[in-house]
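Contents: one structure, followed by commentary.
Computed from the coordinates by the stated procedures, all read-outs in this text should not be read as laboratory data. Not measured: the values here are computed from a predicted model. All Cβ positions, glycine included, derive from the backbone under ideal geometry; neighbour counts span all protein chains shown.
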Amino acid sequence: MIFSTNFLGGGLPKPKETTTKKRGFASFRENVGDNRALQVQNGVSARSLVDSGGTGESTPTKPGAPTSATSGGGKPTQKLQFNKNVSSKSEFTETKFDQLRYPKAIIDADTDYLQINVLQYKALGFSKQENILSSGLNRSKNIYKKEDRLGSIILPIPQNISDSNSTGWGEDSINAAGAYAMGIYDTVAKDSDFIRGLGNALRTAGADIKNLAADASVKDALNSFFASSAANLVPGTNTSFNGTLARTSGQILNPNTELLFNGIKLRTFNFTFNLAPRSDDEALEIKSIIRVLKTNMAPTTASAGNITGLFLKSPNVFQLEYKKGGGTHPYLNRFVVAALTNMQVNYTGSGTYATYNDGAPVHMIMTLSFQELSPVYAEEQREAGGTGY
């Protein structure tokens, strides 16, 4: 087996050679407020701090290295170098956006990556009356088309990826008395003549009751039933029929417990991405990716005419896909359209606050949690490629 070598820390493709100047680390302090105060102390204007990457005047230093000077008192001070060509404002200004990608590297035929397509949310609505029984209700999996895509984000496949499929099962019990009552109903309901069916059921029940009356254990059960009912009339007493029967005869009614299918569960997926920009372009790309995800996972205040804020419009949704080169990954699992339910960004990924000269954090950790909008059925598992959903 030939293993792909295009990974850097769990799926990062090899960085493309670039002539972009490397940025030096700005000296920093653990406390963010102290760090900003240090920048102001050394000539960085307030406007530059607001713009986060701005045009503060500073003493040029050699690219790729921290800048440091020593004051007369021997205390280190900083002369920060800002890149005037980097805009601090987000490139994400419209609903639709160009493809965003981290890292900025060539995607070869054997490059594995995760593509996140942002889709304009569409309400499910209801199927037409004549189609409900034959086709069922509308499902999120089937209503989204290519034209609903607002843009796509390409990220390296993170470490510890997995899929989880769950089905709802639960215990269910019915004792002999309950089952017998259902049997009576079944006898009556299946007979085309209601009166005749009822007569047959009653004749069968009479014979069964005669047989039960001769059984000593049944007598004990009846005595326990009436005893528990009488005991519960006394304040402070709380006992059950089975409890009384167990105390008096050491037995209970057989509950005939079975584990039965009771529903379906929607799948969730969690991803953790390590983001470490190596150039100005990558820093801006990461910022745009974070902005796009935050914006599209949030609801909007729908407006009708002059009314705003009366309703909230559903956030946009996401279609995830593992890919290899330009096609779908031949092995990994597939996804149903999902909602981004939680997003966390740790701007101190290495445990220490450290930024480049323009304010971009040196290492960030982004955690995304998705939940699919529709369940996966056996028919879809059979039709899916790779390892299925």
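General observations
- Neighbourhood charge, 12 Å Cβ-Cβ cut-off, centred on residue 163 and excluding it, Lys, Arg +1 and Asp, Glu -1: +1
- For the peptides 249-255, 272-278, the ranking by packing is 272-278, 249-255, with the highest mean count of neighbouring Cβ atoms within 10 Å listed first.
- Theoretical gain in end-to-end length, residue 387 to residue 331 [0.36 nm per residue, Cα-Cα removed]: 19.6 nm
- Based on the reciprocal of the average 1/r between different C-alpha atoms, the Kirkwood radius for segment 241-353 equals 20.4 Å.
- Rounded to the nearest 0.05, the FRET efficiency derived from the C-beta distance between residue 350 and residue 300 at R0 = 41 Å is 0.70.
- Label-zone membership for segment 236-262, site residue 179, 7 angstrom Cα→C-beta point, backbone N under 12 Å: 254-258
- In segment 254-302, the alpha-carbon atoms span a convex hull of 148 Å³ per residue.
- Here r is the Cβ-Cβ distance between residue 291 and residue 146 and R0 is 30 Å; the resulting FRET efficiency, rounded to 0.05, is 0.80.
- Around residue 298: net Lys/Arg minus Asp/Glu count, Cβ-Cβ under 12 Å: +3
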